[in-house]
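Inspection log for the structure reproduced underneath, given as structure tokens.
The values are calculated or read from the model by the stated rules, or taken from the named source; none is laboratory data. Remember, predicted model here, so these are calculated numbers, not experimental data. Virtual Cβ from ideal backbone geometry, glycine too; neighbours counted across all protein chains shown. In case anyone asks, the SASA skips ligands and DNA or RNA and just uses the protein heavy atoms, side chains included. Shrake-Rupley method; radii C 1.70, N 1.55, O 1.52, S 1.80 Å.
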Amino acid sequence: MYLAIQMNALNSRPPPGSTWMCLRDMHLSDAIQRRLLLSGTLYQRKTNHSEQCFSDFFFGCGQNNQGPFGNTAGVIGLGRHPLSIISQTAPKYGKYFSYCPPSTSSQTGYLTLGKIGLSNNEGMNYQYSPNRSAFKTIIDSMTVITRLPPKAYSTLRDEFKQMMLKYPTTPRHPILDMCYDLSGHGYVTIPVITIVFGGNVRVDLAPSGIVIVISSTRFCLAFSANDYEIDVGIFRNTQQKTLEVVYDVGRGYLGFGPSGCK
């Protein structure tokens, strides 16, 4: 059974039998979602077919979704907010989770709550970095194209262009301004791009995190520039593909495991 919750229940658990409706507008990047907040029970089914449940779990049902995420079934909150799945399952999993975005829609990624994911990947070279970098950056698993400060992006674009001189360029593709025509090239070599986080943590991107395939004969550099230097950089899910991204929210650390999924 699911119950609509009162507005004042957002900062506390809903009283038994609560039936007041709570509507909230959620602004997600360039999308808007109006949600009805409910309380119910969350079930997690593990690969060994066992189940765990969390009673009085808060979740939202989209009622008027707009923008590029309008047709999605829902969005899982992985932040520090009390309503996120991480905060609500913290008594069991300790605000520790990991995920791996697959390289294509035909591959399989995962989201793991707790530390169990690491025990299944022994031998991986996990590198941890405090939440700081040369310019302010957030890690975003929902949106697609990584955004860099204009100067940083210009440097990356110019170096990439210099190393791709043997491939002809094509007109830009919406927000991507460095695109190439691969007609007649059976084998394509692209430069390696390494993201360096605070503490000199170096993360080599997979090819699927460097370029986006537009068609069978065209791809584009999968980065874009922010409007202003003071804008926060965003490390988005294209660049995270095949990485196991590990969050230790309690300590404020991130980990990156190469080849976490295909």
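Of these, Gly233, Gly199, which one is under 30 Å from Tyr93 (Cα atoms) and open to solvent by less than 20 Å² (accessible area, probe 1.4 Å)?
Criteria check complete, one pass: Gly233.
Residues of segment 212-234 being β-branched (Val, Ile, Thr) and touching a Leu at 6+ places or on another chain (Cβ under 6 Å), which ones? Spell out the reasoning first.
Narrowing segment 212-234 to residues β-branched (Val, Ile, Thr): 212-214, 217, 230, 232, 234.
Once the filter is applied, which keeps residues that are β-branched (Val, Ile, Thr) and touching a Leu at 6+ places or on another chain (Cβ under 6 Å), segment 212-234 yields only Thr217.
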Taking segment 209-230, which residues are open to solvent by 30 Å² or more (accessible area, probe 1.4 Å) and not in a strand (DSSP E or B)?
-> Ser216, Thr217, Asp227, Tyr228, Glu229, Ile230
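Return a yes/no flag: does segment 160-182 have any residue that is under 15 Å from Gly255 (Cα atoms) and in contact (Cβ under 8 Å) with a residue 24 or more places away in the chain.
First, the residues of segment 160-182 that are under 15 Å from Gly255 (Cα atoms): none.
Scanning segment 160-182, I find no residue that is under 15 Å from Gly255 (Cα atoms) and in contact (Cβ under 8 Å) with a residue 24 or more places away in the chain, so the answer is no.
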